[in-house]
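Quick notes on the structure that follows.
Every number in this text was worked out from the coordinates using simple rules, so none of it is lab data. All values reported here derive from a predicted model rather than from experimental measurement. Note: ideal-geometry Cβ built from the backbone for every residue, glycine included; neighbour counts use all protein chains shown.
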Amino acid sequence: MPPLRIVVTGATGNVGTALLARLSAQSDAYEVVAVARRVPPAIGPYRHACWHAIDVGDPDAEEMLCRAFDGADAVVHLAWSFQPSHRPDLLRRTAVDGTRAVMAAAARASVAQVVHMSSAAAYAPGAYGRTVDESWPATGIPTSQYSTDKVEAEKIVAEAARKTGAPEVTVLRPGLIGQAAAGAALRRYAMPAWMPAVAMRALPVLPLDPSVALPAVHAADVAAAVELALAAPGAGVVNLSAADPVRTEDVVESLGVRPWRVSRRTLRTLAQVTWRAHLQPVHGGWIDLAYDTPLLDCSRAQRVLGWSPAVSGREVWRETIAGMRSGASGTGPVLGARSPREMVADLVAGGTVGIRRVP
């Protein structure tokens, strides 16, 4: 049997890198075509894929994706943007316009299957601290652009899947996805890009609420779920997380800080004021997301995919924070570390928090 031809968008990101590592280890089973805005060096998990430099949010992306999708058995759509948080138009360009281009190109190229990476952030508030299954309303958290964009992207996928001759679709809704190699990238999402990793080891206190409980899952476990989904076309919506959530005590222990107990309202205000002042890149909507995202019942993942996580939620968090503190990184443009020269260039070009132009 010839290998399955799998196209992965957003292939240099957190999950994309983990997925390429998994699929490339089985070269007799998979032929990997990778799509990214910036092509990485041909080392590590990136060296076995055939690369296409495509920005999925580009107005011409559908045409370019059609060529990349030619002959594909399945498309795994992972492409997403987290920064610059002060440019919601750019974030939506990738999240919404990019998803629309991917689904249109998949239909035109007669791709049989699409695995779409959504998020637990698509769920509506109202069940904080409780587990929900896939029947919980996926209407999002209105104050979080990440959440509302995930909801909109799911709607595009669902609408495309209803058309005659459309690909079979699986939508994965993971919790917080972590791994050590994403440390440098995740630190840039949470802190100004020019701030060194050592700053995380010098935090004296951290404003926290003792009620925090977040679903989390390791990037390698998500990659395993994607592979299982490729073998179960049209599995529908599937939750992914470790059984144990990340709690306040895990945050305190991993960072080695003294907690400063504050209310949700105070914490959100602090985030929003400093974000508006361009002192840090975390919009107040992320605080709402931390409070309002429910925990996940993943029994359907076991039932329809045969999936269960290998890494506990606590270990996911500890590994990820250790990676952030040490500056652990990958070799590609998304997970790679920034040199001092690059950090200074970011500061000069975009101020304390970058505001890049359209790629």
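Springs join every pair of Cα atoms under 10 Å in this Gaussian network model of the chain, and among Leu186, Leu228, Leu296 the largest mean-square fluctuation is at Leu228. Spin-label pair Val252-Ser211: with each label point 7 Å from Cα along the Cα-Cβ axis, the two points sit 1.7 nm from one another. Between the listed residues Ala219, Leu295, Thr143, the Cα displaced farthest toward the positive end of the dipole of segment 4-350, a dipole computed from Cβ unit charges relative to the Cα centre, is found at Thr143.
With K and R counted +1 and D and E -1, the other residues having a Cβ less than 11 Å from that of Pro309 yield a net charge of -3. Between Ala231 and Asp133, the distance separating the two model label sites (each 7 Å from Cα on the Cα→Cβ line) works out to 2.4 nm. Working from Cα pairs under 8 Å separated by at least six residues, relative contact order for segment 4-350 is 21 percent.
Rg and Dmax of segment 58-162, based on Cα coordinates, read 14.8, 45 Å. Candidates Ala42, Leu230, Leu279 compared by Cα position along the dipole of the chain: farthest toward the positive end lies Leu279, with charges placed on Cβ. If both residues of a DSSP beta bridge must be in the chain, then about 5% of such bridges are antiparallel. Compute the signed sum of charges (Lys and Arg +1, Asp and Glu -1) over the other residues within less than 15 Å, Cβ to Cβ, of Asp288. That sum, taken over residues with Cβ under 15 Å, equals +1. For Cα extents along the principal axes in Å, the value computed from the atomic coordinates appears in the list (i) 69, 50, 45; (ii) 59, 54, 45; (iii) 58, 45, 34 under label (iii). Annotation: amide H of Val33 within the under-5 Å range of Ile6, Val7, Val8, Cys50, sequence separation 5 or more or interchain, hydrogens built in the peptide plane. Computed about the Cα centre, the dipole magnitude for the chain is approximately 1000 debye when only Lys and Arg (+1) and Asp and Glu (-1) carry charge, each at its Cβ.
With helices as the sole contributors, the chain gives -10500 deg cm²/dmol at 222 nm; each DSSP H run of n ≥ 4 counts as -39500 (n - 2.57), and the sum is divided by every residue. How far is the Cα center of segment 16-68 from the Cα center of segment 234-301, in Å? Between the Cα centre of segment 16-68 and that of segment 234-301, the gap is 30 Å.
Distant-in-sequence amide contacts of Leu208, defined by a placed amide H-H separation under 5 Å and a gap of 5 or more residues or a different chain, comprise Trp260, Arg261, Val262. Amide H to amide H, with H built 1.01 Å from N, Val246 comes under 5 Å of Leu214, Ala216, counting only residues 5 or more places away or on other chains.
The phi torsions of segment 53-67, fed into the Karplus equation with coefficients 6.51, -1.76 and 1.60 and a -60° offset, translate into couplings of 7, 9, 8, 5, x, 5, x, 9, 4, 4, 5, 5, 5, 4, 5 Hz, rounded to whole numbers, with Gly and Pro shown as x. Structural descriptor for segment 79-141: relative contact order 22 percent, calculated from alpha carbon pairs under 8 angstrom and at least 6 residues apart.
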